[in-house]
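Read through the structure below, which is laid out as C-alpha cells, and then see the notes.
The values are calculated or read from the model by the stated rules, or taken from the named source; none is laboratory data. What you see is a predicted model; the values in this text were computed from it and never measured. Every residue, glycine as well, gets a Cβ built from its backbone with ideal geometry; the counts of neighbours run over all protein chains shown.
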Amino acid sequence: MDNTSYCDLNNKEGLRKIIVKISLERVDTQEGVTVEALLDSGAIRLVISSEFARKQGFKLKKIEKPIYIRNVDRSFNKEGPIKHMVEVNIYYQGHRERTEINVIEGQKWSVILKIPWLAHHNPEIDWRTGEVKMMRCLEECRKQWRPKQEKSGWQKQKEEEKRKKKERNKKRKNKEKGKKRKREN
C-alpha cells in the first residue's frame, strides 16, 4: 500500500472514508502545501475550507453568482452559498492539474475531491485498504506532470514564466528599435 492514501475505519459512523495526501500549489506564488483530502463520491463540487484557504494564503476570487448547496437531506447548507473560489495546482501520484476549487464556509475537511474530479481521472480505488492509484488518468494529465527526477513543478513553472517574460521584453525592445529606426529615416 502506498503512503499517499488510506482508509479511515475508526470513525463513529462505521463508514469507510478514503483520504488522500495531495499537494496544493498557489498559482500566484507557486508555494505549496501538503494536505489530507477526502474523496467523496456523493457530492458534485471540489471544495476547500474557507478557514484552510485563508490560513494558507490562497487568493480568493469572487464568483459571479453564488452557488447554493444542499445537504444530504436536501436542505440548504446553513453556512450559506459558495461565494468564492481559488485557483490551484493539484499534485498527486505523478498527476498534476490546474483547477478551480470552490471555497465553502464551516467545512470540517480542508479539501474534498468530489464527483467531477473522480469521474475525470477515474482512479483505481481499493475500498478495503484505501489505496488510490492514478492508473487510468487521461493522457493530458500525464503530459502536464513534471517528473521528480527533474526540477520540481514549481521550479519549472517559474522558469517557463521567466522565459515568456524574456520573450515579451525582447519583442517590446525590438518594437521600440523599429520605431526608433523609422524616426531616424
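Screening M1 with (1) surrounded by 13 or more Cβ atoms within 10 Å (Cβ to Cβ); (2) more than 15 Å from P81 (Cα to Cα); (3) at pLDDT below 85 gives one miss only, at (1). Checking each residue in the stretch 53-110 for being under 22 Å from V20 (Cβ atoms) and of a type in the set (S, T, N, Q) picks out Q56, N89, Q93, T99, N102, Q107, S110.
Residues of the stretch 41-62 that are at pLDDT below 85 and either within 17 Å of E100 (Cα to Cα) or outside the structural domain of P81 (by TED's automatic domain parsing) (or both): A43, I44, R45, L46. On the given criteria, is Q107 modelled with pLDDT under 70 and on the phi < 0 side of the Ramachandran plot? Judged against the criteria, Q107 is not a match.
Residues that are part of a loop (DSSP other than H, G, I, E, B), of a type in the set (K, R) and touching a strand residue (DSSP E or B) at 6+ places or on another chain (Cβ under 9 Å) within the stretch 62-117 comprise K108, K114, listed in sequence order. For the stretch 143-161, does any single residue satisfy the condition of being among the acidic types (D, E) and at pLDDT 85 or above? Within the stretch 143-161 (the criterion being among the acidic types (D, E) and at pLDDT 85 or above), the answer is no, since none of the residues qualifies.
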